[in-house]
1. Kindly list, by first and then second residue, each pair from a residue in region 69-84 that is farther than 14 Å from Ala55 by Cβ to a residue that is in a loop (DSSP other than H, G, I, E, B) and of a type outside the set (Val, Ile, Thr), limited to pairs with Cβ atoms under 9 Å and residues at least 6 apart or on different chains.
2. For residues in region 29-73 being farther than 17 Å from Ile90 by Cα and buried (at least 18 other Cβ atoms within 10 Å of the Cβ), which is farthest from the chain's Cα centre (by Cα)?
3. When only residues in region 135-154 that are of a type in the set (S, T, N, Q) and closer than 14 Å to Val167 by Cβ count, which is least open to solvent (accessible area, probe 1.4 Å)?
4. Can you tell me which residues in region 397-420 are polar (S, T, N, Q), within 24 Å of the chain's Cα centre (by Cα) and outside any loop (DSSP other than H, G, I, E, B)?
5. With region 264-327 as the region, which strands (runs of 3 or more DSSP E) entirely inside it contain at least 1 residues that are without any contact (Cβ under 8 Å) to a residue 40 or more places away in the chain and over 24 Å from the mean Cα position of the chain (by Cα)?
6. State which residue is farthest from Trp311 (Cα to Cα) when the search covers only region 346-396 and only residues that are under 23 Å from the mean Cα position of the chain (by Cα) and open to solvent by 50 Å² or more (accessible area, probe 1.4 Å).
7. Report yes if Asp303 is charged (D, E, K, R), surrounded by fewer than 22 Cβ atoms within 10 Å (Cβ to Cβ) and out of contact with any Pro (no Cβ under 8 Å at 6 or more places or on another chain), otherwise no.
Amino acid sequence: MLPTPPVLPADSLALALLRAADAIAAVIGGRNLDQALADTPPALRPAVQDMAYGALRRHGRGDFFLARLLDKPLKESRVRALLLAALYRIEARPEDVHTTVNQAVSAAALLAQGRCKGLVNGVLRNFMRRREELNQAADGDDVARWQHPRWWITALRSAHPRDWQEVLTAGNGHPPMTLRVNRRRGDGAAYLARLRDADIEARLLDDWAIQLNRPQPVDRLPGFFEGDVSVQDWGAQRAAPLLNVQPGMRVLDACAAPGGKTAHLLELADLDLLALDADAGRAARIDDNLKRLGLAARVRAADCRAVDQWWDGRPFERILADVPCSAAGVVRRHPDIKWLRRRADVAGFAAIQGQILDALWRVLAPGGRMLYCTCSVFEEENAAQMRAFTDRHADAIRLPTAGNQTELQLLPNAEHDGFYYALLGKAA
């Protein structure tokens, strides 16, 4: 008869480690991290999220360590994930290392009928003894040092030979929290004063964008639920102004969920705006965001490539094509992306992007403008995509996005995520 497994206290580090291990194992098995964390109890969420995100950001390094600490591969994916979570916490909280090891062993008692307690204890204590040696070795291995897959590192070196190291470093960090002030309700300077009154430290990035010194829950943000402000990365805030919308224009946001850019366009001008998204559940979020901000648009769940299923035959003067992509520019917000993506996925996204562009070009009015954007830093999805599109469409005119440049590649840094923008005009 097997022994009865122990019951972990509901607020224990051991239970948080176990929950983090479940999420990490789910991601390594192909599941989205947000989904894997969805049922985390509120009391445990901060600790679980920290360890799951941290371990996945450092997965390349954790894998490197385990390859040298284990005699043979582990059959139990949750035990391996528990070790990854514990190794991350040891590195992140060196002052609490003994507690981490003891609590990881307690968590291991609930895995594999408790057979792995000794293994978890031995691996973590061996790591503590060999930490300096292992870290030096890891610094000499590209995947362990940069904590990204090898193919990803190679692609970035090719696309951004001067900046690839900074891009990888940014991808391993914590993202900033930036606000977009609803210009129908105020401006950045006035809202900054409201933040200071609420004891929230922040700074202006431009007239409407504010970066918080520390992330805050939205219920602490003055006027958030009244629509005074939205959470949106500063890089993403570049999209709407580039389209230069004017009151009364007929506008299409073709891949709109969750609605941040849709809302920004409507804050700039009163528009006849149609927002599409292929996912009905995500399309519902557009309505929710617009309602909070006191804005209105027509929202439909539809694949923008299937033009005949949603288009009424009237052309659009402006189109925002914020297309599905690898999301390589926002990987610090979604560290699971690094380990879920494969090299072939980039070509797959590029093919879908080309289909979307060709379909949307049909519905753009002569003399109109279409803004192509991704949150990627890979060449195939960005500059190469634009070259291929303009080769296919003789009536496409490249328009300036910044100064005299016909494209804007933002690389992730302390102020914004990675985005690519290209503005196309259609010959009249």
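1. Qualifying pairs under 9 Å: Leu74/Cys116; Glu76/Leu111; Glu76/Arg115; Glu76/Cys116.
2. Among those residues, the one meeting the criterion is Leu44.
3. Among them, the one singled out is Gln147.
4. Gln409
5. Values: elements: 272-277, 298-301, 316-322.
In region 264-327, the matching strands (runs of 3 or more DSSP E) lie at 272-277, 298-301.
6. Among residues in region 346-396 that are under 23 Å from the mean Cα position of the chain (by Cα) and open to solvent by 50 Å² or more (accessible area, probe 1.4 Å), the one farthest from Trp311 (Cα to Cα) is Glu379.
7. Numbers: charged (D, E, K, R): yes; surrounded by fewer than 22 Cβ atoms within 10 Å (Cβ to Cβ): yes; out of contact with any Pro (no Cβ under 8 Å at 6 or more places or on another chain): yes.
In short, yes.
The values are calculated or read from the model by the stated rules, or taken from the named source; none is laboratory data. Remember, it's a predicted structure, so these values are computed and weren't measured experimentally. No Cβ is skipped: glycine too gets one built from the backbone with ideal geometry, and neighbour counts run over all protein chains shown. Quick note on the areas: whole protein, heavy atoms, side chains included, nothing else; ligands and nucleic acids left out. Shrake-Rupley method; radii C 1.70, N 1.55, O 1.52, S 1.80 Å.
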